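What follows is a short report on a single structure.
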Amino acid sequence: MTASGAAARAVAHSNIALVKYWGKLDRGRNLPAVPSLSLTLDALYTTTRVELCPGLERDEATLDGAPLTGPALNRIVEHLDRLRAIAGETARARVESVNTVPTAAGLASSASGFAALTVAGSRAFGLDLDPAAHSALARQGSASAARSIFGGWAALRVGAESAEPVAGTLDVRLLVVVTSAGPKAIGSTQAMLHTAATSPYYSAWTASSPAIFDRAVAALNAGDFSALGSAMEQSTLMMHASMFAADPAVVYFKPATLAVIERVKELRAGGNEAYFTMDAGPHVKVLTPRADATSAARALREVAGVNGVIECTAGPAAREISDEGRLE
Ligand code: PMV
């Protein structure tokens, strides 16, 4: 069977790790060295359309209407090659992706991007895969993308091929605090390989992470928001500490990053439950119970260097949607 000429469209939501993935057990297969726990977000997502084009010589891709080239395009071509290999297909594809947040805000997510590409691409190539298979494929594009296949809470365990959903009843909000972006920093793949190769703290990080993960999952099961928040802060600070000790150091923090952390601590001291996490960038993501979210967002918008706060709630799983022709 040939799927040439076929097209499919999918939506996948971004996720934020409370317990961080940082480090690879197996670089070639992109298996994680530490367990991670995330929340998929409703407000941040990528829509991707994949169309097989029999006449095309090379894969083409656009993001928010602009053609991708160089390493960004290569990662997509490699991912399409994985799908082609499974489907026994040779057709080249045209990929169009649109992010809900401006890519320039520094929030463009490889997690939602590779999850959406996996779901749309596998369908366009004629495959009918379950979420675990989608997750295993998405992981090879970007490990955090394995978690975006699932809605709500998701875990990706040490050495795991696929992420898995995690039950949790806490009613939380995640505030994405966008700081003034500054120049583009080093990407997460390069930064984690560099940390693993040069940081004396990397082995302490990988040794400590499973216990932090267990604490966070136990807190989620018990509905203990404060215990979840404190595990979350320890995970991100330990991950960044491993980067600070790399040679040369990798520092994603900007003055506004620290100002937001300070404000979160003040909020907590004032009885407003809020906990922070940072990824491979200067922005801060703040977890609050639903009841505290509006007042926390208001306070965080006033911090110097903050450009905006995006209020998110738990988002749905990645899914195929009806294809209505080319994306704008
Ligand atoms: O999926 P990657 O290779 O872009 O790595 C993501 C790493 C962090 O965002 C910093 C942490 C995480 O678990 O998402």
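The values are calculated or read from the model by the stated rules, or taken from the named source; none is laboratory data. None of these values were measured; they are calculated from a predicted model. Neighbour counts run over all protein chains shown; Cβ positions are idealised from the backbone, glycine included.
Of everything in region 181-221 that is farther than 25 Å from TRP153 by Cα and in contact with a helix residue (DSSP H, G or I) (Cβ under 7 Å, 6 or more places away or on another chain), the residue that is surrounded by the most Cβ atoms within 10 Å (Cβ to Cβ) is THR195. Filtered by the rule that a residue be away from the ligand (no atom under 16 Å from the Cβ) and on the phi > 0 side of the Ramachandran plot, region 2-60 gives a lone residue, GLY5.
The C-beta contact set for region 239-262 (first residue within 23 Å of VAL176 (Cβ to Cβ), second residue within 14 Å of the ligand (Cβ to nearest atom) and in a helix (DSSP H, G or I), distance under 6 angstrom, 6+ apart or interchain) comprises MET243/THR195; VAL250/ALA191; VAL250/MET243. Residues in region 198-232 that are farther than 24 Å from LEU174 by Cβ, away from the ligand (no atom under 16 Å from the Cβ) and touching a residue at least 12 places away in the same chain (Cβ under 8 Å): THR198, PRO200, ALA204. When the helices (runs of 4 or more DSSP H) confined to region 130-232 are screened for residues that are farther than 16 Å from ALA318 by Cα, those reaching at least 2 such residues are found at 188-198, 202-222.
Does any residue in region 91-119 that is at pLDDT below 90 come within less than 6 Å, Cβ to Cβ, of a residue that is of a type in the set (A, V, I, L, M, F, W, C) and part of a strand (DSSP E or B) six or more places away or on a different chain, and which pairs are these? From region 91-119, the pairs are THR100/LEU44; VAL101/LEU44; ALA105/VAL178. Among the residues in region 177-189, are any within 13 Å of the chain's Cα centre (by Cα) and at pLDDT 95 or above? No, region 177-189 contains no residue that is within 13 Å of the chain's Cα centre (by Cα) and at pLDDT 95 or above.
When region 259-302 is filtered for residues that are out of contact with any strand residue (DSSP E or B) (no Cβ under 8 Å at 6 or more places or on another chain) and within 16 Å of the ligand (Cβ to nearest atom), the ones remaining, listed by number, are ALA280, GLY281.
Under the condition of being exposed (fewer than 14 other Cβ atoms within 10 Å of the Cβ) and not in a helix (DSSP H, G or I), the residues counted in region 285-306 number 2.
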